[in-house]
1. Those residues that are out of contact with any helix residue (DSSP H, G or I) (no Cβ under 9 Å at 6 or more places or on another chain), assigned to a strand (DSSP E or B) and surrounded by 18 or more Cβ atoms within 10 Å (Cβ to Cβ), I need them from the range 78-95; list them, please.
2. Of the conditions (1) farther than 30 Å from Thr156 by Cα; (2) without any contact (Cβ under 8 Å) to a residue 40 or more places away in the chain, Lys27 clears all except one; give me its number.
3. Does Ser162 count as under 30 Å from Glu23 (Cα atoms), of a type in the set (Gly, Ala, Ser), out of contact with any helix residue (DSSP H, G or I) (no Cβ under 7 Å at 6 or more places or on another chain) and surrounded by fewer than 14 Cβ atoms within 10 Å (Cβ to Cβ)?
4. Which ones in the range 153-185 are modelled with pLDDT of 95 or more, over 30 Å from Ser85 (Cα atoms) and of a type outside the set (Lys, Arg)?
5. Out of the range 169-185, which residues are under 19 Å from the mean Cα position of the chain (by Cα) and either surrounded by 14 or more Cβ atoms within 10 Å (Cβ to Cβ) or basic (Lys, Arg) (or both)?
6. Kindly indicate the residue of the range 28-45 that is under 17 Å from Trp81 (Cβ atoms) and buried (at least 20 other Cβ atoms within 10 Å of the Cβ) and also nearest to the chain's Cα centre (by Cα) among those meeting that condition.
7. For Leu108, which of the numbered conditions (1) at pLDDT below 95; (2) closer than 24 Å to Ser47 by Cα fails to hold?
Amino acid sequence: MCCRYILVVCTVFFQTCLLYGQEIAVKTNVLYDATSSISAGMEVKLSSRITLDVSGSYNPWNFSYYKKIKHWMIQPEFRYWPRASFSGHFVGIHGLFSQFNVGNFSLLGLEGIRHQGFLYGGGISYGYHWALSPVFRLEFSLGAGYAYLDYEIIETRPCGPSLGRGTKHYIGPTRAGITLIFILK
């Protein structure tokens with residue numbers, strides 16, 4: 001089911017990129033980059049006031065003492081711009097899918113254990129887009145919504161045993177960004 005969803009989103013997104021005269025934005029979220037996650041995204045103009053943004057992040061790193069924030073995530077979002085695409089305020093509706101392996105962080109209450117599983121969700125967002133030059137832009141955004149987490153709890157050590165399974169329903173922030181953008185025409 002998840003693979004089909006990702007395939008449909010990617011197919012629609014990349015087909016719209018082939019349209020003649022299409023305005024496309026290539027972007028990176030510096031908030032994700034600051035957490036050692038690699039982030040990248042593309043946004044394509046669908047009409048004068050609607051765009052489709054598909055962003056993602058990836059963190060493959062292991063830290064010292066078995067600390068992990070490993071994950072990959074994809075966030076498709078449809079955005080409505082009251083004035084014009086890629087200009088000023090926007091509101092959006094986004095989806096969220098992630099696979100994660102996080103653990104051994106005492107600040108998160110995960111000392112000695114890690115959670116490994118999947119996250120599904122979505123929400124609404126608001127943002128503002130500034131033109132720094134004809135091709136370079138800056139964007140601030142924040143979103144809130146719902147996420148469902150399905151995970152396994154594992155003892156933090158090499159080949160640690162499973163301590164059980166868990167699920168969680170989450171309501172709160174689901175998207176945040178300070179994004180650097182390069183516009184292709």
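1. Of everything in the range 78-95, those that are out of contact with any helix residue (DSSP H, G or I) (no Cβ under 9 Å at 6 or more places or on another chain), assigned to a strand (DSSP E or B) and surrounded by 18 or more Cβ atoms within 10 Å (Cβ to Cβ) turn out to be Arg79, Phe90, Gly92, His94.
2. So the condition that Lys27 fails would be (2).
3. Against the criterion (under 30 Å from Glu23 (Cα atoms), of a type in the set (Gly, Ala, Ser), out of contact with any helix residue (DSSP H, G or I) (no Cβ under 7 Å at 6 or more places or on another chain) and surrounded by fewer than 14 Cβ atoms within 10 Å (Cβ to Cβ)), Ser162 does not qualify.
4. If the condition is that a residue be modelled with pLDDT of 95 or more, over 30 Å from Ser85 (Cα atoms) and of a type outside the set (Lys, Arg), then Thr167, His169, Tyr170 are the ones that fit.
5. Of everything in the range 169-185, those that are under 19 Å from the mean Cα position of the chain (by Cα) and either surrounded by 14 or more Cβ atoms within 10 Å (Cβ to Cβ) or basic (Lys, Arg) (or both) turn out to be Thr174, Arg175, Ala176, Gly177, Ile178, Thr179, Leu180, Ile181.
6. Looking at the filtered set, the residue picked out is Gly41.
7. (2)
The rows are residues; the columns are (1) of a type in the set (Asp, Glu); (2) more than 17 Å from the chain's Cα centre (by Cα); (3) modelled with pLDDT under 90.
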{"site": "Ile69", "(1), (2), (3)": "no, no, yes"}
{"site": "Met73", "(1), (2), (3)": "no, no, no"}
{"site": "Trp81", "(1), (2), (3)": "no, yes, no"}
{"site": "Ser87", "(1), (2), (3)": "no, yes, no"}
{"site": "Phe100", "(1), (2), (3)": "no, no, no"}
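The values are calculated or read from the model by the stated rules, or taken from the named source; none is laboratory data. Remember, it's a predicted structure, so these values are computed and weren't measured experimentally. No Cβ is skipped: glycine too gets one built from the backbone with ideal geometry, and neighbour counts run over all protein chains shown.
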